[in-house]
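The values are calculated or read from the model by the stated rules, or taken from the named source; none is laboratory data. Quantities reported herein were computed from a predicted structural model and do not represent experimental measurements. No Cβ is skipped: glycine too gets one built from the backbone with ideal geometry, and neighbour counts run over all protein chains shown.
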Amino acid sequence: VFTEAERAALELAEEGTRVADAAGGVSDEVWTRAAKHYDEEQLTALVVMICFMNAANRLNIIAQQPAGDYEVGQFH
């Protein structure tokens, strides 16, 4: 379903997210696969987005806010 580039980005996100069992960080192999499809600016954007999503998920955990319960118009 995903292109090779999309799979590389997802793999980067997975290794960048799994802190407990990936203490070594993102492997060179995963970074190389991502760099094959994305230039430096795009990789920077991917890393920032991965970090942002990780922070948002952790805030939801701390605040006990389940993800996916937004209903259209609830904040109007």
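Pairs please, first residue from the stretch 35-57 and touching a residue at least 24 places away in the same chain (Cβ under 8 Å), second anywhere and among the hydrophobic types (A, V, I, L, M, F, W, C) and in a helix (DSSP H, G or I), Cβ atoms under 6 Å, 6+ apart in sequence or on different chains.
Listed pairs, sorted by first residue: His37/Ala5; His37/Ala8; Leu46/Ala9; Ile50/Ala13.
What number of residues in the stretch 17-73 are at pLDDT 95 or above, assigned to a loop (DSSP other than H, G, I, E, B) and more than 18 Å from Arg7 (Cα to Cα)?
Summing the residues that are at pLDDT 95 or above, assigned to a loop (DSSP other than H, G, I, E, B) and more than 18 Å from Arg7 (Cα to Cα) in the stretch 17-73 gives 0.
Only residues that are among the aromatic types (Phe, Trp, Tyr) and either surrounded by 13 or more Cβ atoms within 10 Å (Cβ to Cβ) or touching an Asp or Glu at 6+ places or on another chain (Cβ under 6 Å) (or both): list them for the stretch 1-58, please. Break it down stepwise before answering.
Pass one, the stretch 1-58, residues among the aromatic types (Phe, Trp, Tyr): 2, 31, 38, 52.
Those that are among the aromatic types (Phe, Trp, Tyr) and either surrounded by 13 or more Cβ atoms within 10 Å (Cβ to Cβ) or touching an Asp or Glu at 6+ places or on another chain (Cβ under 6 Å) (or both): Trp31, Tyr38.
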